[in-house]
Every structure is written in structure tokens, then in C-alpha cells.
Protein chains: 2
Amino acid sequence: MFDNKETTDINQLGEFGLIDYLTKAVEITEPSTVMGIGDDAAVLDFKNKKTLISTDLLLEGIHFDLRYVPLKHLGYKAVQVNLSDIYAMNGRASQITFSIGLSSKFPLEAVEEIYEGALIACKKYNVDLVGGDTSASAQGLIISVTSIGFAENEKIAYRSTAKEGDLLCVTGDLGGAYVGLQLLEREKQIFLENPSIQPDLEGKDYIIERQLKPESRKDIVELFEAYNIIPNAMIDVSDGLASEILHICKASKVGCKLYEEKLPIDPMTYETAREFGLDPTVCALSGGEDYELLFTVPQDQYDKIKNQLDITIIGYITEENAGCEMISKSGHVHPITAQGWNAFKNNQ
Amino acid sequence: MFDNKETTDINQLGEFGLIDYLTKAVEITEPSTVMGIGDDAAVLDFKNKKTLISTDLLLEGIHFDLRYVPLKHLGYKAVQVNLSDIYAMNGRASQITFSIGLSSKFPLEAVEEIYEGALIACKKYNVDLVGGDTSASAQGLIISVTSIGFAENEKIAYRSTAKEGDLLCVTGDLGGAYVGLQLLEREKQIFLENPSIQPDLEGKDYIIERQLKPESRKDIVELFEAYNIIPNAMIDVSDGLASEILHICKASKVGCKLYEEKLPIDPMTYETAREFGLDPTVCALSGGEDYELLFTVPQDQYDKIKNQLDITIIGYITEENAGCEMISKSGHVHPITAQGWNAFKNNQ
């Protein structure tokens, strides 16, 4: 992807030189960061709040395909995917570490783009980059992100504390990232067969962006704070709505009723799914990578929730023995099954 | 390595199944762990202490060679390498996240061994495994560890706070891990040329173990606590003594005098280096991977330090303009230069 430009070999810099070069743009703005990059460990001060930690690996050929993922987007998405886990605890994300392993096929300019994307995400979400590791890899690009955040103990939303009678709610809309991926995969195939054909993604910006440049829902955690809403349970939608609902129900020992007609699906997602011969409901349930928040709140919070444009009530929590069921548009009852995205499937 | 045994394909379990299987042996024992594996993020409680975070990537073909590194040792070492950074801040390590990416050539039994090694390290060092990520990789084995710890603010030892007149001290002995690596590399070459020849590592246990199964220096942080010693500056010896000395001097804006004759080198390291035609002093200065602690203390702490069998005073800190110099056994003065281990060199 850098074939026609002047590029710089990373070996000219060495590891310490590379770290210095990449981190010169890093600013510390978060009050809880005592010491960022530059020592054996970062030093953070969360006073009497609880510390939250989450980590993800993103691997070339498994989690991303560099044939259609721009490097800057990749850096941005790697951060978003990980911050999402902190917001899913109803916490505030405050720092990340960002590690990268890259083979000799990547010039310095490639790493710079990835970092640039990561730093844009950090800046937009008020998160400090406080550490990481940079290494050669024998093959392919490897990104590992750890997110750190904090929360007051009584506001932390676990998966295991949904209660019978709770409203089941989801933010934003679902299935877009998955349908966007189908579009990118189709254009890749067409390009591979005939490189003179330009990709036809016109008018599909929204779902392409849902796949390539997802946003984690910091705004929802802030909305909860502003309206004094404390979810009983929460999880982020990374593997697909069905899989996440089952996680909450299993951990909380409850069941649920989900209404197909309530599922928030963007018209572009709906139409494009149809073009591909896909069921939009299945895309919403099992697509994954939406990075929306799925949560439950007590019914007495209904008045606070009902007018929030970006929150949809999609069902309610029942007792465990009632099972996890979806009521279809035609009124039929189906058990909810997890067909979430599974990194191991891609490797078979 | 599992060719002759019954093995289990990881795909049979899927990602969630694998996580459940691997983490069933995980115990939570550290009081600061509120919530470990099983939610979007781990929840930790460090009260009014500072939180410490460090992270490392370990990549097959760059950081380890599976032709002579047993998987259990690899899991153990991956944890030690990372804990070492927390101890280098004079902090207490309390949790880790452990992420692993592996290609389809690895059966379940291989992952189990890596985890077993990691959990042995956690148990021995009183650290909880509280999270991680598990993924397929397109090629090779990838390990990413993040260590979390805590410290009282006034006890944290940075790199940047060495003072003129400080004693320069190092724990344990140096160069062993590097000479152990030479031995393993030689036996690998012999084996590759003639597989019927068994490796000849007899009597070399100590330096082999320094390479394959290093121990981080939790005991030194405890010794500091017991004797009320607070180092002015500290760093762990991962890239080589010379490189670490230069890190401290650069960050602290000081110089130093180092005495070659004071360098702690184990007799087996010394003799084996000679067998390979290597200068033992160069192995100690530039070998790396010793995971000892290099620190500076004010001169008035001399009485507390001098009788510690596992601490050697190797020099002292000077003003910046005096430079960083080593006085050789013959009395000659040499500038100290970093020729530390550099992951990017291996990929050229």
C-alpha cells in the first residue's frame, strides 16, 4: 500500500528510536495520569474509585484485512473496541496502552498511520496513551490494546446483576457493521477478479463507517450520569446481540423476552441486507461488532429512558425458567441462540 | 512437539469454550481484586494507593524459539518479564491480564501448558489472573501480558530521580541469560545438523534456567520494605545493564562511574562465556534478559545495603557533564554505550 511512495525502513530507527518517534505527539491530559510513557510502568491515581481493566488482541488475517481496512482506521478502531469494554461497566475510560508487532513489510509510515488513528481516538475520548510495547513480528500485524478506567463502586454495571422485570434496552442501531463487512468483502472479490473495476460503495457511507470506524458509547455513560440512571446490568455488543443477551441472562440467572419488531435497524442496513439475501433480523441478532451497549434498568426508570432518541427498549427480563425467547413480528416464539462472531471460525 | 500424542483441536471448543476451559483453574486471592475474569472489564480496588500498569508483547520467532523453549516455561517467563516492570517501580504486582493468539498448528494441550506456566507464576508471586483475550492467529504464537500493581506514592521509584552521589547498585548476577541463550542456540544448530545427537547441557542448569525460567525480583521490593530502603531511581535489566544505566542517567540528567571489577558475574556464566569466545564483561553489560533490578540509593543508605548478599554496589552517580563511564579492571576509562538487545535486529 506504500509501494509508490518514498518510505522509511523502521530498522534505521531501532526500537527506542521508533518509540521516541511515535510518542512525541502523545499528550497527557487526564488528571488521573501521574506518569505516562517513559518508565517501567505507568503510574495512575484513581483516589478512592475502583480501577477497571480490559484488554484485546487484534490480529491481521483474523480481525482485519488490510486489503480494505485503512491503517488509520485500524488504529482508531483498535482503541474504540477496547474502550467499549470500560463503558460497558458504566465506567469512565482514562488511559490505554497500545502495543504493536509488525513485520518488515511495514515501513515507518505505516506504523505512523496506525498510531495517528489511535491518538485521534484517544483525543476524541479524552483518554491518555500511557504505555505499550513495539516489536518486530515474524509475520503480519499485531495490535494489543489494554484500556484502563475507573468508576464509583455503586455505579459499576456488571453482567450478573440483571433483575426480573427489568427493561432490556440497547443503544443506537444493530447489524450495520456486519452488513458493511459484506459490502467490503464483495468489493474485494470483484477487485481481485478484475483490478480495473473501482469499488462501488457510493451512498453506503453509514454502514461502511459502522464497520471501519465504530464509535464506543462514552456518550451513553455520560447520559446515565446526567439523568441519574444506573443500569442493573450492562455489556457491549461485540459478538452480536443474541450472544450478549445470553451472557447477561446466564450470568444473572434470569430469562428474557425480546421483541423482533423493536430491534433498531437502520434503513440502509435493512435494504443492503436484503440486497445480499440476508435477513436483517439475523444481521442485528448475530452480526456483531456494533459496539453498542445492551443494558437492563428497573421499570421505574421507564420515564427517564422512553424519550432518549438513542435508546430502544427491546424487551424485558423474566425469571430464569422462562428461558430466553424472541417474539417474532408474526407472533411466533423462538429461543434465542448465540451465533455470535467467533474468531476461531475464521481460522478453519 | 505434540506429534506423537492424542491431541484436541481447539475449534471443537470455540472461543468461549476455550476461555471457560482454561480459566477454570484460576483462583482469586489478592484482596485488591473485586472482579476478575467474566465481565467486560476487571474491577480492582487500590484504595488511596497509586495504580501501576505495564505491558509486553512476546512473539514467536522474535522473542522465543519453540524449538527449545518448553511451553510451560514460556507461559511462566511471559508473566515474570512483565511483573519485573512493576517491581522496578518499587511497587507490588497484584494482577495480570494474559492474552494469547495461536495458529491452528497448536492443539488445546499446547495452550493448556502455556496457561499452566502462567498460573504457576501467578501463584508463586501472589498475582491474580483477571482477564485477557484468546484468539486464533494466522501464523505463529502471540502472547500479550499486562501487569497491574500498586504502590504508595512516596515509595515509587522512577528512572528520572537518581541524584549525584547516589550509590549505583544491582541485584543478583548478570549475563547468565545471554550465555544460556548461546548454549541453547548451539545445541539447536547441532540438533538441526544431526538429529541423533542429544543436547549437551549437563551441568549448565543455572544459566539455562536464567534464560528459560527467569525470576522477577519481588523479594527485593520486600527487602526494601523490611529495611526501610527507598531507592532514588530504579529500572529492571531487560535490555542489558549498559542500556539500563544510560536510561537512568538520561532520564535523571546525571552521569555515572561503573567499576568493571564490581560487576556480579556467576562463575558458570564466566566460564561458559569464555568457552564461546565471549567477553564475560560484555555479556554482563549488553546481554539482557537478566530481569535483575538496577537502582540508586543515597550514600547514607550504605550501611543497610552493604551486607545484603544479593545486592552489589557497582558504581556511583556523578554530575551530568562527567558522562557515563566504566573503569576497567586495568584502570582504563571507557564511555558506556548501549548495545542492548533490540527486537528489531532479529528481523533483518
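Report the convex hull volume per residue for the stretch B:1-151, counting only C-alpha atoms, in Å³.
Cα-based convex hull of the stretch B:1-151, divided per residue, equals 107 Å³.
Comparing B:Ser328, B:Ser137, B:Ser196, which has the greatest mean-square fluctuation in the GNM of chain B with Cα pairs linked when under 10 Å apart?
Answer for the Gaussian network model of chain B: B:Ser196.
State the answer as a single residue: which of B:Phe106, B:Asn82, B:Gly132 lies farthest towards the positive end of the charge dipole of the stretch B:79-142, with beta carbon charges of +1 for Lys and Arg and -1 for Asp and Glu, about the Cα centre.
Looking along the dipole axis, the top candidate is B:Asn82.
Just the number: Rg to Rh for the stretch B:23-89, Cα atoms, Kirkwood Rh, two decimals.
1.03
If the label for B:Gly165 sits 7 angstrom from Cα along the Cα-to-Cβ line, what are its distances to the same label in every other copy, in nm to one decimal, shortest first?
Label-point separations across copies, in nm and ascending: 7.1.
If you average the C-alpha positions of the stretch B:45-105 and of the stretch A:217-236 separately, how far apart do those two centres end up, in angstrom?
33 Å
Suppose only helical runs count, i.e. DSSP H with n ≥ 4. What mean residue ellipticity at 222 nm does that imply for chain B under -39500 (n - 2.57) per run, divided by all residues and rounded to the nearest 500 deg cm²/dmol?
-10000 deg cm²/dmol
The stretch A:140-161 to the stretch A:125-139: how many Å between their Cα centroids?
That distance is 17 Å.
Give me the percent of DSSP beta bridges within the stretch B:206-348 that run antiparallel, rounded to the nearest 5.
Roughly 75 percent of the DSSP beta bridges within the stretch B:206-348 come out antiparallel.
Only counting other Cβ atoms within 10 Å, I'd like A:Tyr206, B:Tyr291, A:Tyr316 sorted with the fewest neighbours first.
On the way: A:Tyr206 15, B:Tyr291 24, A:Tyr316 18.
Lowest count first: A:Tyr206, A:Tyr316, B:Tyr291.
Relative to the Cα centre, what is the charge dipole magnitude of chain A, using +1 at the beta carbon of each Lys and Arg, -1 at the beta carbon of each Asp and Glu, and rounding to the nearest 20 debye?
Computed charge dipole of chain A: roughly 640 debye.
Cut-off is 10 Å between beta-carbons; in what order do A:Glu152, B:Glu154 appear when sorted fewest neighbours first?
B:Glu154, A:Glu152
With a 10 Å Cβ neighbour count serving as the proxy for reagent exposure, in which order, fewest first, do A:Glu109, A:Glu30 appear?
A:Glu109, A:Glu30
May I ask for the Kirkwood hydrodynamic radius of the stretch A:153-261, worked out over all distinct Cα pairs and given in angstroms to one decimal?
Working: mean 1/r = 0.0602 Å⁻¹.
Radius from the Kirkwood sum: 16.6 Å.
Averaged across B:95-103, how many Cβ atoms of other chains sit within 10 Å of each residue's Cβ atom?
Neighbouring Cβ atoms belonging to other protein chains average 4 per residue here.
I'd like to know how the stretch B:154-208 sits against the 2.2 N^0.38 Å rule of thumb: what's its Cα Rg over that expected value?
Taking N as the residue count of the stretch B:154-208, the ratio is 1.93.
If r is the Cβ-Cβ distance from B:Glu209 to A:Lys262 and R0 is 60 Å, what FRET efficiency results, to the nearest 0.05?
It comes out at approximately 0.50.
Can you give the average number of partner chain beta-carbon atoms within 10 Å of each beta-carbon in peptide A:7-16, as a whole number?
Values: counts 0, 0, 2, 2, 5, 1, 1, 6, 7, 8.
Shielding by partners across A:7-16 averages 3.
Of the beta bridges DSSP finds with both residues in the stretch B:10-155, what % are antiparallel, to the nearest 5?
Percent antiparallel among DSSP bridges in the stretch B:10-155 is about 75.
Among B:Val111, B:Val297, B:Val34, which one shows the highest mean-square fluctuation when chain B is modelled as a Gaussian network with alpha-carbon springs under 10 Å?
B:Val34
Mind checking the mean number of beta-carbon atoms from other chains within 10 Å of the Cβ atoms in B:79-90?
Mean partner-chain Cβ count within 10 Å for B:79-90: 2.
Taking the radius of gyration and the Kirkwood hydrodynamic radius from Cα positions alone, what is the Rg/Rh ratio for the stretch B:167-347, to two decimal places?
Across the stretch B:167-347, the Cα-based Rg/Rh ratio is 1.01.
Using a Förster radius of 22 Å, what is the FRET efficiency between A:Asp300 and A:Glu225 based on their Cβ-Cβ separation? Nearest 0.05, please.
After rounding, the FRET efficiency stands at 0.75.
Once the convex hull of the alpha carbons of the protein assembly as shown is built, what does its volume come to per residue, in cubic angstrom?
Numbers: hull volume 120.4 nm³, N = 696.
Spelled out: Cα convex hull of the protein assembly as shown, divided by residues, is 173 Å³.
Give the lysines reachable from A:Lys188 as a straight Cα distance under 30 Å; neighbours fewer than 8 places away on the same chain don't count.
List returned: A:Lys5, A:Lys72, A:Lys77, A:Lys105, A:Lys204, A:Lys213, A:Lys345, B:Lys105.
Mind ranking B:118-131, B:300-313, B:14-27, B:51-64 by how tightly packed they are, going by the mean number of other C-beta atoms within 10 angstrom, highest first?
B:51-64, B:118-131, B:14-27, B:300-313
Taking the Cβ of A:Asp300 as the center, what net charge do the other residues with Cβ under 15 Å away carry, scoring Lys and Arg +1 and Asp and Glu -1?
0
Please report, for the Cα atoms of chain B, the Rg to one decimal and the Dmax as a whole number; what are they, in angstrom?
21.2, 65
We did not get these values from a lab; they are worked out from the coordinates using the rules stated. These figures come from a predicted structure and were not determined experimentally. Note that we place each Cβ from the backbone using ideal geometry, even for glycine, and neighbour counts take in every protein chain shown.
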